[in-house]
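*Asks:* Quick one: the structure is below, and I'll ask about it shortly.
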Amino acid sequence: MRKEGARLTPRPADPRRLARLALLTAVALTIFLIEVQLPVLPIPGAKLGLANIVTVYAVMALGPGDALLILLSRVFLGAVFSGQMSAFFYSLGGGLLCWAAMCGLKGIFTPKQIWLLSPISAMFHNVGQLLVAAGMLRSWAVFAWLPYLLLAGAAAGLFTGLAAQFLLERLNRIK
């Protein structure tokens, strides 16, 4: 903030940062909208989570704050554009817990170990979704799906982690 006269005015936004955030949000949203069109997996609530490649990349490359902005924008716009407003809460709960786990564990893992960080974070995503489901349904019975979702989340997280690690390495070489 700058002081002009008697009032404070915000600093002008960095156009490059805003463009980067908008581009990554658009990529994540596009991937999400394509994935919504894919057939449903046999485990309720399980999906590949390919849009999370962008979130994992953003946490490692841009930091937690920018990654959170991308995640929140993608979750909200994804719910609006897909017409699945009920899925908004599941995506938000899972996404926030996943993001928090990723940020908390980021210091333990190196950028070359994203393939390990991502499956752990994906499992937190599943726990977040089940917590939302338990709250909405007022029943802890949904946690019966936890073992299946943890396996599916670990597998999908491994794939997204490998993809995000590859993306980070390639983009670092381009810089």
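The values are calculated or read from the model by the stated rules, or taken from the named source; none is laboratory data. The structure presented is a predicted model; accordingly, all values stated were derived computationally and were not measured. For neighbour counting, all protein chains shown are included, and Cβ atoms are generated from backbone atoms with ideal geometry for every residue, glycine included. When the accessible area is computed, the model is the full protein with side chains, heavy atoms only, and any ligands, DNA or RNA have been set aside. Shrake-Rupley method; radii C 1.70, N 1.55, O 1.52, S 1.80 Å.
*Asks:* Which pairs turn up if I take residues in the stretch 62-82 that are part of a helix (DSSP H, G or I) and look for partners that are crowded, with 17+ Cβ neighbours inside 10 Å and aromatic (Phe, Trp, Tyr) with beta carbon separation below 7 Å, at least 6 apart in sequence or on another chain?
*Replies:* The qualifying pairs are Ala67/Trp99; Leu68/Trp99; Leu71/Trp99; Arg74/Phe32; Gly78/Phe32.
*Asks:* Within the group Phe124, Phe89, which residue is part of a helix (DSSP H, G or I) and farther than 17 Å from Gly157 by Cβ?
*Replies:* Criteria check complete, one pass: Phe89.
*Asks:* Taking the stretch 151-175, which residues are modelled with pLDDT under 90 and in a helix (DSSP H, G or I)?
*Replies:* If the condition is that a residue be modelled with pLDDT under 90 and in a helix (DSSP H, G or I), then Leu171, Asn172, Arg173, Ile174 are the ones that fit.
*Asks:* Do any residues in the stretch 161-175 that are closer than 15 Å to Phe109 by Cβ have Cβ atoms under 6 Å from those of residues that are modelled with pLDDT under 85 and loosely packed, with under 14 Cβ neighbours inside 10 Å, where the two are at least six apart or on different chains, and which pairs are they?
*Replies:* Pairs that qualify, where the first residue is closer than 15 Å to Phe109 by Cβ and the partner is modelled with pLDDT under 85 and loosely packed, with under 14 Cβ neighbours inside 10 Å: there are none.
*Asks:* Let me ask something else about it. Assuming Ala26 fulfils every condition listed in (1) loosely packed, with under 14 Cβ neighbours inside 10 Å; (2) modelled with pLDDT of 95 or more apart from one, which condition is it?
*Replies:* Failing condition for Ala26: (1).
*Asks:* Same structure, new question: Taking the stretch 120-159 only, how many residues are more than 17 Å from Leu96 (Cβ to Cβ), open to solvent by less than 40 Å² (accessible area, probe 1.4 Å) and touching a residue at least 40 places away in the same chain (Cβ under 8 Å)?
*Replies:* 2
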